[in-house]
Amino acid sequence: MINEKKTDIDMLTYEKKAKEAGYNIVCGVDEAGRGPLCGPVVAAAVILKDSVNIEGINDSKKLTEKKREKLYDEIINNVEAYGIGIVDVDVIEEINILNATKKAMLDAVENLNLTPDVVLIDGNQKINTNIPQKTIVSGDALSKSIAAASILAKVTRDRMLIEYDEKYPEYGFAKHKGYGTKMHIESIKKYGLTPIHRCSFCKKIV
């Protein structure tokens, strides 16, 4: 418990620095789904409450699926505001995954019901907004706002892939969430591509 609280304190460093600089409403942004062979790229934007401490928030990749699901509910019920941005496969193919990711992040920020004073973004790519922004490499492990966003983005996308699994049961989407596992690649070779596959990502497979 001591270590977890210490982590929480450390992970609020960027938020505290932003507020010391005069930015009262701090938003964290992260995405999920840049690398998979199929499905959308999903981003989330989160503004934490100063008065609420949600313990256990960390980079979504470091958490179990069960823990992410639990934290997802805690986050959406206890934050100041959150927004989700979803960019589907056809747009990914049209504008490429980098631009699609940036669009999803921007959409997430614009879907907030509160306008932030500053946006903390995971990675090194800025988005097309007039709101002051700071990019943080590995931000999902360094900023609690970004980590919370990473959980919302990951859970939202995973739930979408589980729904796709019901429509395309041969591919095992519920297990690998669209990533290029051996099982997924073998399914593509056997059954071909579905409408949710990113054709540009699958050129070496089919």
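The values are calculated or read from the model by the stated rules, or taken from the named source; none is laboratory data. Since the structure is predicted, the reported quantities are computational estimates derived from the model, not experimental observations. Note that we place each Cβ from the backbone using ideal geometry, even for glycine, and neighbour counts take in every protein chain shown.
Name the residue that is nearest to LYS62 (Cα to Cα), counting only residues in the range 135-164 that are surrounded by fewer than 17 Cβ atoms within 10 Å (Cβ to Cβ) and charged (D, E, K, R). Let's see the steps before the verdict.
At the first step, the residues of the range 135-164 found to be surrounded by fewer than 17 Cβ atoms within 10 Å (Cβ to Cβ) are 135, 137-138, 159, 162-163.
Now restrict to residues that are charged (D, E, K, R): 159, 163.
On the way: ARG159: 18, GLU163: 24 Å.
The qualifying residue nearest to LYS62 (Cα to Cα) is ARG159.
HIS197 meets each of the listed conditions (1) farther than 30 Å from CYS27 by Cα; (2) of a type outside the set (Phe, Trp, Tyr); (3) out of contact with any strand residue (DSSP E or B) (no Cβ under 7 Å at 6 or more places or on another chain) apart from (3). Residue count for the range 159-192, restricted to those that are without any contact (Cβ under 8 Å) to a residue 24 or more places away in the chain, outside any helix (DSSP H, G or I) and more than 16 Å from GLY35 (Cβ to Cβ): 2. ASP140 meets each of the listed conditions (1) outside any strand (DSSP E or B); (2) at pLDDT 95 or above; (3) within 26 Å of ALA21 (Cα to Cα); (4) among the charged types (D, E, K, R) apart from (2).
Which ranges mark the helices (runs of 4 or more DSSP H) fully within the range 65-129 that have 1 or more residues being of a type in the set (D, E, K, R), in contact (Cβ under 8 Å) with a residue 24 or more places away in the chain and surrounded by 16 or more Cβ atoms within 10 Å (Cβ to Cβ)?
Filter on the range 65-129 gives 65-78, 97-110.
Residue count for the range 25-64 satisfying the condition of being modelled with pLDDT of 95 or more, touching a strand residue (DSSP E or B) at 6+ places or on another chain (Cβ under 8 Å) and either over 21 Å from GLN133 (Cβ atoms) or crowded, with 22+ Cβ neighbours inside 10 Å (or both): 19.
Just one of the numbered conditions (1) over 30 Å from LEU193 (Cα atoms); (2) modelled with pLDDT of 95 or more; (3) not small (Gly, Ala, Ser) is not true of ILE9: (2).
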